Amino acid sequence: MKHPLKVGFLQTLPVFGDIESNLKQVELRLKTMNADLVVLPELFTTGYQFRNQAEARDLAEPIPDGPTTQALVQFSRQFNMHIVAGLAEKDGDILYNSAVLTGPEGYIGKYRKAHIFDTEKKIFAAGNLPLPVFDIGKARVGIMICFDWRFPETARTLALKGADLIAHPANLVLLTCPQSMITRCLENRVFAVTADRVGVEQRIEDETLRFIGQSQVVDPDGRVIVRASEDGEEDHVVEIDLADARNKSINPYNDLIADRREDLYKI
Ligand SMILES: NC(=O)CCCC(N)=O
């Protein structure tokens, strides 16, 4: 039985700190997309390179009452789509590098990046929420954010929790992620939608960040269905069949989940 889903990503070039403009640009592009689920990059409305925690706090927002999440709810309703997007979250005095899921029915849930990368540790607290899988009816959507990919337990946990597809907002600066996500999909037989940004940020002396783009959709056989360029603002939508992810067999004798040897996976 087929389980079709139209999934897409926006590859963006945000203007640092200009939440309103970044939201407007995304709205104009989402309007043109015929998709069930669209993934937006990490920190898509603020940009990435905060000079200090005070600057990040000024730009971070409560979830779900802040303007970015409320705008995403409105976009989901207006364009009849689910959206996963990354944003800076403020919860009292604590800042998280978070992602939200919204749909035509409104705000659905959030995730806080568990594996904080490099100098992000000066800004954000490590996430304190479970690795999430949301059932949106047509699909079971797991969420991880950027550097979470480097820890194989993340994708594996989402797959074991029943994710058909991993929505992966990112701000990639290391070249290794796009090819590595092929393995994450192969070893778990899931789809992954990585939405990255492009451009350069050099707001901190002696720290120039070049974002690698290459947003992509990868299937459970490790095939790259579509990969964006390294430097373009691009929107892509592809139709996938989630039945490919729900079938964990790779031949009549091997089932990727049933064959796991948890009795041996002990340290
Ligand atoms: N924003 C990030 O978590 C970057 C992680 C390193 C990478 N994969 O580029």
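The values are calculated or read from the model by the stated rules, or taken from the named source; none is laboratory data. Being a predicted model, the structure only gives us computed values, none of them experimental. When we count neighbours, we look across all protein chains shown, and the Cβ atoms used for this are built from the backbone with ideal geometry, even at glycine. Side chains included, ligands, DNA and RNA excluded: accessible areas come from the protein's heavy atoms. Shrake-Rupley method; radii C 1.70, N 1.55, O 1.52, S 1.80 Å.
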Verdict on Arg57 being open to solvent by 20 Å² or more (accessible area, probe 1.4 Å), over 28 Å from Ala228 (Cα atoms), touching a residue at least 40 places away in the same chain (Cβ under 8 Å) and not in a strand (DSSP E or B): no
Across region 169-222, what is the number of residues that are within 12 Å of Pro41 (Cβ to Cβ) and away from the ligand (no atom under 11 Å from the Cβ)? 6
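State the number of residues belonging to region 1-28 that are in contact with a strand residue (DSSP E or B) (Cβ under 9 Å, 6 or more places away or on another chain), open to solvent by less than 40 Å² (accessible area, probe 1.4 Å) and assigned to a helix (DSSP H, G or I).
Applying the first criterion (in contact with a strand residue (DSSP E or B) (Cβ under 9 Å, 6 or more places away or on another chain)) to region 1-28 yields 2-14, 16, 19, 22, 25-26.
Now narrow it down to the ones that are open to solvent by less than 40 Å² (accessible area, probe 1.4 Å): 5, 7-12, 14, 19, 22, 26.
Next, only the ones that are assigned to a helix (DSSP H, G or I) stay: 19, 22, 26.
Total satisfying the criteria: 3.
How many of the residues making up region 67-105 are among the aliphatic types (A, V, I, L, M) and open to solvent by 30 Å² or more (accessible area, probe 1.4 Å)?
Number satisfying all stated conditions: 1.
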Could you tell me whether Lys122 is open to solvent by 40 Å² or more (accessible area, probe 1.4 Å), more than 17 Å from Gly86 (Cβ to Cβ) and within 14 Å of the ligand (Cβ to nearest atom)? yes
Residues that are open to solvent by 10 Å² or more (accessible area, probe 1.4 Å) and within 20 Å of Asn22 (Cα to Cα): which strands (runs of 3 or more DSSP E) entirely in region 174-228 hold 1 or more of them? 198-204, 207-212
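Can you name the residue in region 150-161 that is free of Cβ contacts under 8 Å to residues at least 40 places away in the same chain and either small (Gly, Ala, Ser) or in contact with a strand residue (DSSP E or B) (Cβ under 8 Å, 6 or more places away or on another chain) (or both) and is also nearest to the ligand (Cβ to nearest atom) among such residues? Give the derivation first.
Within region 150-161, the subset free of Cβ contacts under 8 Å to residues at least 40 places away in the same chain is 150-153, 155-158, 161.
Filter again for either small (Gly, Ala, Ser) or in contact with a strand residue (DSSP E or B) (Cβ under 8 Å, 6 or more places away or on another chain) (or both), leaving 155, 158, 161.
Values: Ala155: 14, Leu158: 17, Lys161: 22 Å.
Per the criteria, the residue is Ala155.
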Mind checking whether some residue in region 87-103 is within 16 Å of the ligand (Cβ to nearest atom), part of a loop (DSSP other than H, G, I, E, B) and polar (S, T, N, Q)? no
Flagged in region 229-267 as assigned to a strand (DSSP E or B) and not hydrophobic (A, V, I, L, M, F, W, C), in numbering order, are Glu234, Asp235, His236, Glu239, Asp241, Ser249, Asn251, Asn254, Asp255
